[in-house]
1. Would it be correct to say that G99 is open to solvent by less than 10 Å² (accessible area, probe 1.4 Å), within 17 Å of the chain's Cα centre (by Cα) and either closer than 23 Å to E220 by Cα or within 12 Å of the ligand (Cβ to nearest atom) (or both)?
2. I want to confirm something. Restricting to region 1-42 and keeping residues that are in a loop (DSSP other than H, G, I, E, B) and of a type in the set (V, I, T), which single residue is surrounded by the most Cβ atoms within 10 Å (Cβ to Cβ)?
3. Tell me, which residue of region 52-92 that is among the charged types (D, E, K, R) and part of a helix (DSSP H, G or I) is least open to solvent (accessible area, probe 1.4 Å)?
4. So, K153, is that one more than 30 Å from A86 (Cα to Cα) and buried (at least 18 other Cβ atoms within 10 Å of the Cβ) or not?
5. Here is a list: L104, L100, L114. Which entry is farther than 19 Å from I138 by Cβ and not acidic (D, E)?
6. Kindly check whether there is at least one residue in region 119-128 that is within 14 Å of the ligand (Cβ to nearest atom) and closer than 23 Å to V78 by Cα.
7. Which residues, taken from region 156-186, are open to solvent by 40 Å² or more (accessible area, probe 1.4 Å), among the aliphatic types (A, V, I, L, M) and away from the ligand (no atom under 16 Å from the Cβ)?
Amino acid sequence: MQPQKLLIVFNPISGDNIDKDEIELLIKVFCDEQRIDFSIYKTTTDQKNDQKVILKYIENEHPDAVVAVGGDGTVSLVANLLIGKAIPMGILPLGSGNGLSKDLKIPQETTEALHIIQNFQIQTIDTLTINRLPCVHIGDIGFNAVIVDRFTKDEGRGLTTYAWNTVKEFTDYQPKQYKVVTDNGEFEGTAFMIAFTNANAFGSNATINPTGIINDGLFEICIIKEFPKLEGVGILYRLLVGDIDQSMHYEIIQCTKASISNPDLELIQIDGEPIDATETVDISINPSSLHIIVP
Ligand SMILES: Nc1ncnc2c1ncn2[C@@H]1O[C@H](COP(=O)(O)OP(=O)(O)OP(=O)(O)O)[C@@H](O)[C@H]1O
């Protein structure tokens, strides 16, 4: 069965060096050829208003799916509106990272991704709540959140800007003290970063949670403990080849609920967006809360 009617949420600025007019035309031609009724909503810089307009459309028009066309920010905007609803999300990845779509094996090429939406296979995934905010992919505290913060403020886009900020910050970064309490174990000590996720890898392909399963009702607290700076390349290599869990500087706790004390008010990010730093970070799982169109 293919969808009859789609709402396409299109970010006109996402990604680097991508001809957005060409992508828009590709989507229109595809939907016309396949006789799929569709509307395109272009996002703006006013996320609150975008959310209002999209919700109103869903309530009035009852599309079979809402398709996010853009990067992680656009996926997060759409997903946050669909958590707890029966209507599925489709993804046409256009950003620099596209973390969730890569974890779900959604093709990165637009025509291939359109065929996946047409096939309309639905998977239900778990999502997280972090400090009462929704998270559909990865949240973290520490080094990566600092990079995300710098990246957000940088005028450049794309993986090159992300990589450049990583190199610039690494030498001077001071790991912070944390205490993690969960319903299945604790950690207290100094960490380079702590990620909270039920998915596997960042859009950069750094696999922070090699054994995570996105729909098992559990999430993982993935801790990269303090390590000698000279071992940084080794840690990065393990992240990229997917065996960070073999490192002596890595610890993992699988749980359904966690609270992290963050006395230094270190930066926190959720799905690529910095959030307010808090002394305590509360995380819980929402089992089977989001439907996604997958291969
Ligand atoms: N019309 C617009 N003009 C300017 N900025 C926009 C517009 N629509 C959305 N945005 C901004 O785009 C950002 C989200 O971009 P998105 O994450 O989709 O792409 P990306 O940053 O290129 O990809 P990635 O997150 O994978 O690196 C949000 O900060 C949002 O405010």
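The values are calculated or read from the model by the stated rules, or taken from the named source; none is laboratory data. Given the structure is predicted, the values throughout are model-derived calculations rather than measurements. Every residue, glycine as well, gets a Cβ built from its backbone with ideal geometry; the counts of neighbours run over all protein chains shown. Please note that ligands, DNA and RNA were not included when accessible areas were found on the heavy atoms of the full protein model with its side chains. Shrake-Rupley method; radii C 1.70, N 1.55, O 1.52, S 1.80 Å.
1. So G99 fits the description; yes.
2. Restricting to residues being in a loop (DSSP other than H, G, I, E, B) and of a type in the set (V, I, T), the top hit is I36.
3. Selected residue: D72.
4. No, not satisfied.
5. L114
6. Looking for residues that are within 14 Å of the ligand (Cβ to nearest atom) and closer than 23 Å to V78 by Cα, one finds none in region 119-128, hence no.
7. Residues satisfying the conditions are V167, V181.
Conditions tested, residue by residue: (1) within 11 Å of the ligand (Cβ to nearest atom); (2) more than 23 Å from P134 (Cα to Cα).
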| residue | (1), (2) |
| --- | --- |
| I27 | no, yes |
| D32 | no, yes |
| Q47 | yes, no |
| E61 | no, yes |
| V66 | no, no |
| V69 | yes, no |
